[in-house]
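Novice: This is the structure, below, for whatever I ask next.
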Amino acid sequence: MRNRKARESGLSAFQARITAPPTLRQHTIGAMERVMETVRLDLWLWAARFFKTRALAKHAIETGKVEVGGQRAKPARAVRLGDPLRVVRGEEIFEVEVAGLSGTRGPARVAQALYVESEASRDARLERLAKLRAERAGYRPPEQRPDKRARRLIRALGDLDAS
């Protein structure tokens with residue numbers, strides 16, 4: 001059908017394609033600009049250095065460790081400026097707001113400019129880390145491997161439950 005219209009207007013098929021009506025061109029340009037205003041969630045998490053690889057970011061999103069606006073998201077979800085995110089990474093919980101968009105991973109200083117962490121989130125995260133460090137401070141691993149006598153004692157203590 002396109003070729004018939006091109007023949008009727010005296011244009012080649014290629015010329016007919018590139019001379020689209022202005023409203024259509026404006027619509028596609030507007031859509032392209034909207035696409036530039038968003039980034040995939042897994043790509044943004046990787047660029048903001050929350051995860052080392054996009055695969056790890058995708059796995060975290062799929063297992064429910066990342067929420068956007070209080071709801072679970074999919075890896076391809078579009079992230080926009082101002083979106084609130086909750087990211088759980090190991091023992092750390094980040095509650096951040098998207099302050100910048102990037103699809104490329106850059107230096108740490110650039111990555112930190114992509115989000116703003118709330119003061120309450122930062123304080124709670126640091127407090128939780130301090131508590132974990134204090135709990136670990138009481139345990140001291142042995143400086144060397146147990147010798148033959150100590151191994152026999154350990155094995156004998158383990159056998160108490162069996163009898």
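The values are calculated or read from the model by the stated rules, or taken from the named source; none is laboratory data. Note that the structure is predicted; figures quoted are calculated from it, not measured. Here Cβ is always computed from backbone atoms with ideal geometry, including for glycine, and neighbour counts include all displayed protein chains.
Novice: Please go through (1) at positive phi; (2) basic (Lys, Arg); (3) at pLDDT below 85 for Arg49 and return the number of the only condition it doesn't satisfy.
Specialist: (3)
Novice: Please return the ranges of helices (runs of 4 or more DSSP H) entirely within the stretch 48-163 where 3 or more residues are without any contact (Cβ under 8 Å) to a residue 40 or more places away in the chain and not aliphatic (A, V, I, L, M).
Specialist: 54-62, 119-137, 148-159
Novice: Is one or more of the residues making up the stretch 111-120 of a type in the set (S, T, N, Q), at pLDDT 90 or above and farther than 20 Å from Ala47 by Cα?
Specialist: no
Novice: Would you tally the residues in the stretch 83-100 being touching a strand residue (DSSP E or B) at 6+ places or on another chain (Cβ under 8 Å) and closer than 21 Å to Arg72 by Cβ?
Specialist: Qualifying residue count for the region: 12.
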